[in-house]
Amino acid sequence: MNFAMTIAGSDSISGAGIQEDLKTCTMLGVYCFTVITSVTAQNTFEVRDIFDIPENIVASQIDAIMDDVKVKYGKTGMLSNRKIIKVVSEKIEEYNIKIVVDPVMVAKSGAHLLREDSINALKDFLIPLSYFITPNIDEAEVILNKKIRNVKDMEDAAFRIHDLGPKVVIIKGGHLNLDFITDIYYDGNEILRFTFPKIKTKNTHGTGCTLSSAIVSYLAKGYNDKLAFSKARKFVQKSIENNLEFGHGHGPLNPMYRIKFR
């Protein structure tokens, strides 16, 4: 059996966070353990409330899983404050977990999910430990304090973030105003551009969660780094093509596209 762990927040509309990670891993044939870092009250158009889980409870969830099942691969999502980032980083190092870091900062509705005073903690504690890191353009700009205007800037950002410690850097290009999306892959040896047509839809809530949990699923199944990303990105593309239309805001993409809802 293939195992993975998600360390992330709960999304009450089930389009992102823990719920999206579970759906993605399950659809890709991986059993996913969960560590909840925050509980959010949100729907497709707003985040109404956030409750952060105390950091000792976050640590205890990780310990409980790892004392029973040795999980090699994991991913992080919403880690909203410095204390949670620090304790999660300590546990990742303690258990030598190969971690895919989705540096969640802002929800699709515009709500901030990472406190501004915690960005340095992300850079100091978590990014140096990451196996993969998957920032979008806005997140990469915050990490580097530098504007990204085009694909060449994305490549430069990948080099700079790689210098912070990750083994593999993915810069997601969906926020560039183009008719296609170019994502950058850099592993310290080669830099690659993966290009996909841009799908005209507002229903992309949970895209980053789906990509990171798909990457960790393929890694857990034994794929090499480049192939794990390539297959995960194609899975995301299909999930967006088959997005779910409901609610009054940004609906979710659909990692369960093989299942027909009646």
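None of the figures in this text is laboratory data; all of them are computed from the coordinates on show. Predicted model only: the values in this text are computed from it and were never measured. Note that we place each Cβ from the backbone using ideal geometry, even for glycine, and neighbour counts take in every protein chain shown.
Based on alpha-carbon centroids, what's the gap between the range 160-206 and the range 1-54 in Å, whole number please?
The range 160-206 and the range 1-54 have Cα centres separated by 22 Å.
Can you give the % of DSSP beta bridges in the chain that are antiparallel, to the nearest 5?
Around 45 percent antiparallel, to the nearest 5.
Normalising by the residue count of the chain, find the relative contact order in percent from Cα pairs under 8 Å and 6+ residues apart.
Taking the mean separation of contacting Cα pairs over the length of the chain, I get 19 percent.
Net charge within 11 Å of Gly17 by Cβ-Cβ distance, Lys/Arg positive one each and Asp/Glu negative one each, not counting Gly17 itself?
-3
Please give the calculated 222 nm ellipticity per residue for the chain, where each DSSP H segment of at least 4 residues contributes -39500 (n - 2.57) and the sum is spread over every residue; nearest 500 deg cm²/dmol?
Helix contribution divided over all residues of the chain: -10500 deg cm²/dmol.
Where does each of Thr6, Thr40, Thr26 land when they are ranked from fewest to most other beta-carbon atoms within 10 angstrom?
Final ranking by Cβ density, sparse to dense: Thr26, Thr40, Thr6.
By count of other Cβ within 10 Å, fewest leading, how are Ile184, Ile259, Ile57 ordered?
The order, fewest Cβ neighbours first, is Ile259, Ile57, Ile184.
Build a GNM of the chain with springs between Cα atoms under 10 Å: which of Phe45, Phe132, Phe235 gets the top mean-square fluctuation?
Residue with maximal mean-square fluctuation among Phe45, Phe132, Phe235: Phe45.
For the chain, list the cysteines whose Cβ sits under 4.7 Å from no other cysteine Cβ?
Cys209
Using the Karplus equation 6.51 cos²θ - 1.76 cosθ + 1.60 (θ = phi - 60°), what ³J(HN,Hα) coupling, rounded to whole Hz, does each residue of the range 121-133 give in order, writing x for Gly and Pro?
Running phi through 6.51 cos²θ - 1.76 cosθ + 1.60 with θ = phi - 60° gives 5, 4, 6, 7, 9, 8, 4, x, 8, 6, 7, 10, 9 Hz.
With springs only between Cα atoms under 10 Å, which of Glu190, Glu94, Glu241 fluctuates most in a Gaussian network model of the chain?
Residue with maximal mean-square fluctuation among Glu190, Glu94, Glu241: Glu190.
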